[in-house]
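Chemist: Quick one: structure below, then a few questions.
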Amino acid sequence: MESLANELKVRIIKTLQLEGVQPEQIDDDAPLFGAGLDLDSIDALELVAMLENSYGIVIKDLEAGRPAFQSIRALASFIQAKRAA
Amino acid sequence: MVACSPVVTGLGIIAATGVGVEATWEAIRAGRSGLKPLTLFPSPRYSRVLAGEAHTDLTALGAPARGSRSDQLGWLAAREAVEAAGIDFVDCSERAGVVLGCSVGGSFNSEHFLSNLVRRGKMRPLPTRFHECVSVVDLIAEEYGLLGPSMAVSTACSSGALAIATAAEMIQSGEADVVLAGGADSLSQMTWAGFHSLLLVDEMGCRPFDATRAGTTMGEGAGVLVLESEEFARRRGAIILARLSGWGASCDAHHATAPHPEGAGAVAAMGAALRRAGLKPSDIHYVNAHGTGTRDNDLAESKALKTVFGELVPPVTSTKRFFGHALAASGAIEAVVCVEALLHQEIPPNLGFSIFDPAVGIEPVTVLRGLSLTHVMSNSFGFGGNNAVLIFSQPDAPVTTRAPQTVQVSIAGVGVVDPGVDTLYEIESPLPSGAVAAHSCGALAGAALLSPNQRRRSSRLVQMALIAARQSCNPDPAQRVAVLMGTGFGCLDEGAKFIENYFSENNPAPMPSRFSGSVHNAAAAQIAIDLGARAMNSAPTAGEISFECALWQGFHQIAADETDIALVGAVDELNKYPLAIGKRWGHWTEQTKPGEGAVVACLIRGGKPESLARVTAVRLGRYHRPFDTEREADWIATSVDLTRVDMVLSGAGGWSALDVHYRAILDALSARAGRSLEHKTYKQTCGEFHAASAFGFSVAVGLVQQGHRGVLLYTLSPRGAKAVCCLESHDSI
């Protein structure tokens with residue numbers, strides 16, 4: 001779980017080209033959208049593409065995927081649950 | 001009072017429902033959707049998804065083989081409209097124009113080039129000749145010998161409606177008697193995958209306003225209207241089908257792809273159209289909604305409708321399930337539908353609706369309904385929060401459309417991202433490697449002005465535009481600001497990266513931010529968001545005169561009192577594709593080097609003495625071929641007061657074939673002025689690119705500042721378009 005969270009941070013920084021952000025600066029429980037990293041809806045769609053390319057997880061409805069995008073921890077749990085399924 | 005509104009005398013349409021107005025209306029009456037599984041190109045990633053595909057073989061219908069699929073769609077709709085209007089352009093060619101909305105342009109065909117290149121390593125660039133959005137405009141203008149103003153408007157999904165609004169301004173301002181107006185867009189892998197990447201597609205087909213709606217359906221097609229001044233139509237004895245009594249445009253200034261959640265921009269555009277027509281909301285008998293079927297659009301649009309119409313929202317339908325969302329063509333297709341609705345006194349049904357959504361609170365009409373219709377409204381909203389609304393009325397309806405004013409326009413400021421760095425541009429994979437000497441803007445020093453999120457999210461082109469806009473003005477928040485940003489190729493880098501990725505071997509998920517950033521109006525939309533500019537937002541494209549088209553639109557938005565400030569400019573970026581293809585075709589020489597850059601000028605109303613210069617003329621047209629120097633010099637002399645001109649700034653020194661014409665024009669103008677006019681060029685410093693004349697404009701402002709009384713800027717495009725504008729000092733009055 002810990003390593004998946006770290007891996008996600010690195011991927012998110014790269015995918016979203018977050019200038020000057022280090023993985024260790026991202027709190028596992030901080031909100032990704034709005035406050036926190038201040039990502040927007042197009043970033044969310046980029047994360048959808050990243051999930052497919054890196055983890056083979058396809059999200060077709062952003063609303064359904066919303067709980068997974070709350071935080072790094074939520075996203076990591078979501079991926080683990082999908083892997084287990 | 002005189003109804004100062006253009007009239008509609010001919011219609012043409014091609015879409016998923018069939019070819020021609022008759023077939024289309026028949027499908028609408030029968031409630032027959034044109035959606036079916038996609039066949040136009042293989043799409044394993046999104047198989048079984050419905051599409052609004054038009055006739056497959058357009059050449060079999062008579063369309064010219066030398067053109068993109070979008071060009072062919074537009075050409076076919078134009079042919080039908082011209083035949084229906086029974087118009088012969090021979091005696092009015094100088095006062096006949098063409099304005100079409102186009103956003104996909106030749107992408108469908110360029111994708112063949114790209115997939116050959118990426119997958120097979122073969123360089124066959126011929127299809128890219130028709131890549132530009134203006135290609136369809138040039139094709140139609142050539143077909144009918146139209147020499148009046150011509151441009152394409154590329155504001156994504158509102159393009160078609162905005163093109164019709166622009167054509168109306170051309171007629172109202174007296175610069176054209178007749179304009180072929182509409183829009184044309186084909187399906188393409190780019191937009192297909194792009195809309196999927198934004199999760200905006202409902203695989204089962206769109207269900208506008210339905211509680212379970214889950215997205216739109218991609219479509220294609222073209223709609224063309226013959227718009228004329230009423231006087232001209234009556235003089236030639238044309239049958240008047242309808243009147244375009246109002247039009248309005250606005251910008252949400254909110255988000256790159258999502259609408260404003262309360263539909264604020266939609267409210268503003270509907271209000272502007274009603275005011276222009278001199279109508280009250282209760283005068284509208286039917287609204288053809290944008291109604292794409294996406295969660296966000298239908299919710300925001302219904303809120304906007306309730307804000308504008310209150311408790312008494314007139315019958316509303318979206319016709320998107322008939323056609324699919326034909327992007328830049330959709331506003332034009334729906335304009336045709338609205339005129340047909342007026343003619344038949346029937347409103348088309350909203351297919352795909354069955355479950356009422358309390359959040360939307362609007363129940364569209366789901367069956368064909370006969371109704372007494374006098375005024376109908378058509379909504380079109382696009383990416384970048386770009387909104388355009390049209391109102392069509394019965395020919396004899398009592399309307400008093402507001403006329404534009406005669407105004408003075410001045411330049412309050414200019415921002416320039418300067419292509420002053422000599423660069424050896426390295427062409428990269430998947431193209432054959434090589435280098436081209438170019439004029440570059442280098443590292444964008446001004447990017448420090450932008451926020452980290454703007455730098456992260458914006459392509460180089462958008463960054464250049466944002467920097468130039470920031471430098472040009474600092475608008476008072478109480479003032480209305482319009483943004484008109486011309487571009488030839490638009491955000492090529494973003495589009496190329498998106499499609500290269502999509503075509504790459506391991507079939508990756510398409511990249512949503514590259515897609516949303518690839519639209520031609522990305523620069524104009526980002527400037528609007530940056531400055532809170534909520535008046536008209538436009539991205540005209542017309543090759544070398546793209547800037548002058550933006551200047552024209554901005555000037556006339558001020559004259560129409562639709563804005564206080566108009567930021568007008570143009571932007572294009574160096575990109576490996578035009579550089580490599582131009583290299584192969586021998587375009588780049590010691591004289592003609594490619595360039596890039598962005599210029600934005602801040603136009604204000606009035607002849608304010610503290611401003612930099614006055615804009616005393618801007619006129620668009622096309623030159624007769626073969627080039628007739630005397631005729632062209634006459635055109636300039638009737639557009640500009642030559643007695644005030646002491647400097648001619650021309651686009652010479654770029655495409656070498658045009659230099660002979662520039663020289664001949666200079667001599668002819670000197671002869672008319674009775675003195676030798678001084679001549680300067682600017683392309684030796686900025687290079688050759690579609691937005692270069694914007695750089696010329698900034699040079700002209702500098703020349704006026706240095707004491708020149710009147711500077712004439714004259715621009716030709718190799719594909720037949722021309723533009724002239726004149727800047728004068730304040731003491732020349």
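Every number here is computed from the coordinates shown, using simple stated rules; none is lab data. Predicted model only: the values in this text are computed from it and were never measured. Don't worry about glycine lacking a Cβ; one is built from the backbone with ideal geometry, like all the others, and counts go over all protein chains shown.
Chemist: Could you go through the range B:552-565 in sequence order and give the Karplus-derived ³J(HN,Hα) for each residue, using 6.51 cos²θ - 1.76 cosθ + 1.60 with θ = phi - 60°, rounded to whole Hz, and x for Gly and Pro?
Modeler: Taking θ as phi minus 60°, the curve returns 4, 4, x, 4, 7, 5, 5, 4, 7, 6, 9, 7, 8, 10 Hz for the range B:552-565.
Chemist: Can you compute log10 of I(q)/I(0) for the range B:516-630 with the Debye formula, treating each Cα as one identical point scatterer, at q = 0.09, 0.19, 0.23 Å⁻¹?
Modeler: -0.34, -1.12, -1.33
Chemist: Please compute the Kirkwood hydrodynamic radius over the range B:4-62, one decimal place, Å, based on all pairs of different Cα atoms.
Modeler: In the range B:4-62 this quantity evaluates to 13.5 Å.
Chemist: Return the inverse of the average 1/r over all pairs of distinct C-alpha atoms in the range B:108-194, which is the Kirkwood hydrodynamic radius, in Å to one decimal.
Modeler: About 14.9 Å for the range B:108-194.
Chemist: Another question, then. Kindly give Rg over Rh for the range B:561-629, based on alpha-carbon atoms, with the Kirkwood expression for the hydrodynamic radius.
Modeler: Looking at the range B:561-629, the ratio lands at 1.12.
Chemist: Add +1 for every Lys or Arg and -1 for every Asp or Glu among the other residues with Cβ under 11 Å from the Cβ of B:Leu187, and state the total.
Modeler: -3
Chemist: For chain B, which cysteines have no second Cys with its Cβ under 4.7 Å from theirs?
Modeler: B:Cys4, B:Cys92, B:Cys157, B:Cys206, B:Cys251, B:Cys338, B:Cys441, B:Cys491, B:Cys549, B:Cys686, B:Cys725, B:Cys726
Chemist: Show me, for the range B:594-603, the HN-Hα J-couplings you get by feeding each phi into the Karplus relation (A = 6.51, B = -1.76, C = 1.60, θ = phi - 60°), rounded to Hz, glycine and proline as x.
Modeler: Those phi angles translate into x, x, 7, x, 9, 9, 10, 10, 9, 8 Hz.
Chemist: Where the convex hull is taken over the Cα atoms of the protein assembly as shown, what is its projected area averaged over directions, in nm²?
Modeler: Mean projected area for the protein assembly as shown: 32.3 nm², to one decimal.
Chemist: Which number do you get for Rg(Cα) / (2.2 N^0.38 Å) in the range B:168-252?
Modeler: In units of the globular-protein estimate, the range B:168-252 measures up at 1.58.
Chemist: Determine the principal axes of the Cα atoms in the range B:409-605, then give the extent along each, sorted from largest to smallest and rounded to whole angstroms.
Modeler: Per principal axis, max minus min of the Cα coordinates gives 51, 42, 30 Å.
Chemist: Shifting gears a bit: Of the GluC sites (Glu not before Pro) in the range B:296-335, which ones lie in a loop per DSSP and count no more than 10 other C-beta atoms within 10 Å?
Modeler: For GluC sites (Glu not before Pro) across the range B:296-335 that sit outside H, G, I, E and B with at most 10 neighbouring Cβ atoms in 10 Å, the list reads B:Glu311.
Chemist: Turning to a different aspect of this structure: Let me check I have the definition right: for the range B:7-393, take the eigenvalues of the Cα gyration tensor, multiply each by 5, take square roots. What are those semi-axes in whole Å, largest first?
Modeler: Listed largest to smallest, the semi-axes of the range B:7-393 are 28, 27, 18 Å.
Chemist: Add +1 for every Lys or Arg and -1 for every Asp or Glu among the other residues with Cβ under 9 Å from the Cβ of B:Ser330, and state the total.
Modeler: Result for the local shell: -1.
Chemist: Could you pull out the GluC sites (Glu not before Pro) across the range B:599-704 that fall in loop regions by DSSP (anything but H, G, I, E, B) with no more than 13 other Cβ atoms inside 10 Å?
Modeler: Those that pass, being in a loop and sparsely packed, are B:Glu610.
Chemist: Apply 1/(1 + (r/R0)^6) to the Cβ-Cβ distance of B:His112 and B:Ala435, taking R0 = 35 Å, and write down the FRET efficiency to the nearest 0.05.
Modeler: The formula returns an efficiency of 0.85 here.
Chemist: OK, next. Suppose we take every Cα in chain B and form the convex hull; what volume per residue is that in Å³?
Modeler: Considering the Cα atoms of chain B, their hull volume per residue is 140 Å³.
Chemist: Using modelled backbone amide H atoms (1.01 Å from N, in-plane), which distant-in-sequence or interchain residues come within less than 5 Å of B:Ala560's amide H?
Modeler: B:Gln405
Chemist: How about the range B:50-99: which trypsin sites (Lys or Arg not before Pro) there are in a DSSP loop, with at most 16 other Cβ atoms within 10 Å of their Cβ?
Modeler: Of the trypsin sites (Lys or Arg not before Pro), the ones in loops of the range B:50-99 whose Cβ has at most 16 other Cβ atoms within 10 Å are B:Arg66.
Chemist: Also: When we measure straight from the Cα of B:Lys306, which lysines land under 30 angstrom away, once same-chain ones fewer than 8 places off are left out?
Modeler: B:Lys280, B:Lys320
Chemist: Looking at the range B:613-732, what % of the alpha carbon pairs are farther apart than 17 Å?
Modeler: When every Cα pair of the range B:613-732 is considered, 50 percent fall beyond 17 Å.
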